[in-house]
Each structure stands twice: as C-alpha cells, then as structure tokens.
Amino acid sequence: MAMTPEQTNAFKAGSGSLDLSILNLLSIGALIAFLFLWAAWGLSDVWNGWSNARVRDAALGRFVIRVVLLLLACIWMFAS
C-alpha cells in the first residue's frame, strides 16, 4: 500500500528530508549483506568441522542447500 502525500511529508519532516526510496535501498542492502556474511560465517564453520571429520558429508550438503535456498528466497522476495 502506497503512502499518502501527507504521510510522505510527515516522514520527510521527521527524517530530515531523507527520501523513502533511499531508505528502502539501504535497508534491503543491509539485509542482503547480513545474509551473505552469515552464510560465509556458517559455511566456514561447517567446512572447518567437515575437514576435521566432526561433521558428516550429508550435513555439509544440507547446509549448503539450505543457505542457497534462503539466499534465493530472500533476494526474490525483498530485492526484486
């Protein structure tokens, strides 16, 4: 639902003339960056466990599939 002109003016007055589309891009960019950082951290952690034979092959595969699906779903839902 789009904002009314009164709501847009109130937002700009409260935020110091910040454009709504810039805030939208910043928040989506922060979400995607956080997800990629989380995925890299998780993959390095699982890889370390797999290389030390503490994590099974199937668990590594499941993790990679879940992360790829999560990233694709979030990019599809939020960044398109």
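When you go through PHE36, PHE11 one by one, which is the residue that is touching a residue at least 24 places away in the same chain (Cβ under 8 Å) and either surrounded by 12 or more Cβ atoms within 10 Å (Cβ to Cβ) or within 23 Å of the chain's Cα centre (by Cα) (or both)?
Working: PHE11 fails: touching a residue at least 24 places away in the same chain (Cβ under 8 Å).
So the residue among PHE36, PHE11 that is touching a residue at least 24 places away in the same chain (Cβ under 8 Å) and either surrounded by 12 or more Cβ atoms within 10 Å (Cβ to Cβ) or within 23 Å of the chain's Cα centre (by Cα) (or both) is PHE36.
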Would you mention how many residues in the stretch 22-80 are of a type in the set (Gly, Ala, Ser) and closer than 30 Å to PHE11 by Cα?
-> 7
Flagged in the stretch 17-38 as over 20 Å from CYS74 (Cβ atoms) and modelled with pLDDT of 90 or more, in numbering order, are ILE22
Candidate set from the stretch 39-59 (those that are aliphatic (A, V, I, L, M) and surrounded by 11 or more Cβ atoms within 10 Å (Cβ to Cβ)); member that is nearest to ILE75 (Cα to Cα) | ALA39
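Are any of the residues in the stretch 64-80 among the aromatic types (Phe, Trp, Tyr) and touching a helix residue (DSSP H, G or I) at 6+ places or on another chain (Cβ under 7 Å)? Talk me through it step by step, then tell me what you get.
Residues of the stretch 64-80 that are among the aromatic types (Phe, Trp, Tyr), as a first pass: 76, 78.
Next cut, touching a helix residue (DSSP H, G or I) at 6+ places or on another chain (Cβ under 7 Å) only: 78.
The answer is yes; a qualifying residue exists.
The values are calculated or read from the model by the stated rules, or taken from the named source; none is laboratory data. It should be emphasised that the depicted structure is a prediction, and the values quoted were computed from it without experimental measurement. Cβ atoms come from the backbone with ideal geometry, glycine included; neighbour counts cover every protein chain shown.
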